[in-house]
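Scroll down for the structure; my scribbles are underneath it.
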Amino acid sequence: MEKELHKSFVKNIEIPEDTEHFFSKGRDFIEMMMRYQGAIREVSTKFEILNMEMSVRNNRNPIETIKTRIKTPKSIVNKLKRRNFEISLESVMQNLNDVAGVRIICSFVDDIYYIADLFTKQDDVRVVEIKDYIKNPKPNGYRSYHMIVEIPVFFSNEKQFIRVEVQIRTIAMDFWASLEHQVKYKKDIEKSEEIERQLKECADVISATDVKMMDIAKKIDIL
Ligand code: 0O2
């Protein structure tokens with residue numbers, strides 16, 4: 001049974017030779033992933049409740065969509081290796097911030113800051129780090145508001161603070177990031193410089209459009 005559970009987590013994954021000990025601890029690994037999954041649920045529920053409250057009070061939803069993802073075992077190992085960290089479960093909990101990820105998609109830029117503020121004011125949310133790639137976009141044009149938080153999750157015999165990466169962005173920023181992410185994974189692409197230039201151009205247009213859309217929303221009094 002344990003072996004089966006373990007397999008379900010690592011299926012289709014080539015286990016690098018020097019990381020066999022990491023995956024041999026099947027039950028501990030599953031336990032760790034279960035804890036991250038719990039934290040994802042806690043965080044998504046908090047955002048769902050905020051969104052529900054806003055829809056009752058203001059008759060509109062600041063959040064369009066909530067997406068969640070848990071990092072695959074392969075990508076956990078790759079990231080630990082890339083950053084020269086020990087390959088162990090303790091090292092994952094200590095060194096990786098994005099095993100559990102929650103992405104919040106909003107309509108307007110102001111919604112991002114509003115919802116982030118309401119979330120971080122909750123007294124059980126510990127903010128570890130904030131990176132504002134909206135005020136400080138990456139050179140390639142990437143925009144998004146990132147937060148690393150720790151959230152308490154209650155298990156049968158303990159309460160544990162688990163780290164979650166929250167990314168908040170507009171629909172337009174998300175559209176851009178999805179395409180750019182796909183380009184990144186196709187490294188053999190021809191004319192990549194040209195594509196990078198076009199993507200940067202799109203990012204700037206998108207950003208200007210986000211501002212204009214917000215202006216209109218304010219003029220018609222929905223923001
Ligand atoms: P994936 O597949 O989305 O998980 P940290 O993880 O905090 O130790 P890092 O990587 O510098 O350090 O954090 P940062 O800059 O906050 O970026 C984390 C995540 O943001 C990335 O995770 C992406 O999801 C997203 N991101 C950051 N920069 C870009 C970008 O230029 N383009 C796109 N499309 N997404 C970006 P992963 O692990 O890279 O990928």
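Observations on the model:
- Rule-of-thumb Rg ratio for the stretch 102-158 [Cα; 2.2 N^0.38 Å; N residues]: 1.35
- Pairwise inverse Cα distances across the stretch 54-179, averaged and inverted, put the Kirkwood hydrodynamic radius at 16.1 Å.
- Ellipsoid semi-axes in whole angstrom, largest first, where each is sqrt(5λ) of the Cα gyration tensor of the chain: 34, 25, 13
- Cα centroid separation - the stretch 117-169 against the stretch 68-88, whole Å: 19 Å
- For the stretch 57-117, the relative contact order comes to 51 percent (Cα pairs under 8 Å, sequence separation of at least 6).
- Carbon plus sulfur fraction of accessible area for the chain, probe 1.4 Å, in percent: 51 percent
- Computed accessible area, residue 183, all protein chains, 1.4 angstrom probe, square angstrom: 40 Å²
- The stretch 82-223, accessible area per residue, ligands and nucleic acids excluded (1.4 Å, Å²): 60 Å²
The values are calculated or read from the model by the stated rules, or taken from the named source; none is laboratory data. This is a predicted model, so every value here is computed, not measured. In case anyone asks, the SASA skips ligands and DNA or RNA and just uses the protein heavy atoms, side chains included. Shrake-Rupley method; radii C 1.70, N 1.55, O 1.52, S 1.80 Å.
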